[in-house]
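The values are calculated or read from the model by the stated rules, or taken from the named source; none is laboratory data. Please read all numbers here as calculations on a predicted model, not as lab measurements. Here the Cβ positions follow ideal geometry from the backbone for every residue, glycine too, while neighbour counts run over all protein chains shown. Just the protein is used for accessible areas: all its heavy atoms, side chains included, with ligands, DNA and RNA removed. Shrake-Rupley method; radii C 1.70, N 1.55, O 1.52, S 1.80 Å.
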Amino acid sequence: QVQLVESGGDSVQAGGSLRLSCAASGSIVSISSTDWYRQAPGRRRELVASIRSGGNTNYAQSVKGRFTISRDNAKNTVYLQMDSLKPKDTGIYYCNAILRSNDYPTLRSFWGQGTQVTVSS
C-alpha cells in the first residue's frame, strides 16, 4: 500500500529556514508529479510548489526565490527547502503525489498527513 509521509515541520523565527521531506513508500512503479500544498488556519489549501517526472518545477508567486523543490528518485523522496521564511508561510504543509503503483492500473493521487510549519515574527 502506498504511503506518503511528510516530516521536517517546526517552529522558526522569521528569516529562518526549514527543509521538509515527503517520502513515498509501497509498491510504487513510477511517480508522475509531486506537489507541496499548504493550508493556513481559516484559509483554503493552496499549491506551493510542484516537480514533474521530467524535472520541471513550478512555484507559487508568493514563494518564488525563497523555496526550492527537489527530489531524490532513489529514495522516492521530495524535498521543499524553505528559506527567508515569513509569518505568512505558517500552515500545515501537505505533499501530494500522482503515481502508478502495482496495486492500481492507472495513475492515482495520494496525500500525506501533513506537517506543521510555524513562523513567528
Practice task
Taking the Cα centre of the chain as origin, sum charge times position over the Cβ atoms of Lys and Arg (+1) and Asp and Glu (-1), and report the length of that vector in debye to the nearest 20.
Solution key: 300 debye
Problem - Efficiency of FRET from Cβ geometry, Thr68 and Gln3, R₀ 35 Å, rounded to 0.05 - result: 0.90
Problem - Gaussian network model of the chain, Cα within-10 Å springs - most flexible of Arg108, Arg43, Arg66 - result: Arg43
Handout entry: 27 Å Cα-Cα reach of Lys75 towards lysines, excluding residues that sit fewer than 8 places from it in its own chain
Key = Lys64
Fill in the blank from the handout: Here the net charge surrounding Gln39, from other residues whose Cβ is less than 10 Å away from its Cβ (Lys, Arg +1; Asp, Glu -1), is +3
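Looking at the chain, send over the antiparallel percent of its DSSP beta bridges, to the nearest 5.
95 percent
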Completion exercise
Relative contact order in percent for the chain (Cα pairs under 8 Å, 6+ apart) equals 37 percent
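Considering only protein heavy atoms, what per residue accessible area in square angstrom results for the chain with a 1.4 angstrom probe?
Accessible area per residue, the chain: 54 Å².
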Exercise for the section: Might you report the magnitude of the Cβ-based charge dipole of the range 1-67 about its Cα centre, with Lys and Arg at +1 and Asp and Glu at -1, to the nearest 20 debye? Expected result: 240 debye
Practice task
Compute the FRET efficiency between Gln13 and Leu107 as 1/(1 + (r/R0)^6), taking r as their Cβ-Cβ distance and R0 = 35 Å, and round to the nearest 0.05.
Solution key: 0.30
Exercise for the section: May I ask for the net charge around Ser27, where only other residues with Cβ less than 11 Å from the Cβ of Ser27 are counted and Lys, Arg are +1 while Asp, Glu are -1? Expected result: 0
Fill in the blank from the handout: Scalar couplings 3J(HN,Hα) for the range 39-47 by Karplus 6.51 cos²θ - 1.76 cosθ + 1.60 (θ = phi - 60°), nearest whole Hz, x for Gly and Pro, are 9, 8, x, x, 10, 6, 5, 10, 6
Exercise for the section: State the answer as a single residue: which of Gly65, Val78, Leu18 lies farthest towards the positive end of the charge dipole of the chain, with beta carbon charges of +1 for Lys and Arg and -1 for Asp and Glu, about the Cα centre. Expected result: Gly65
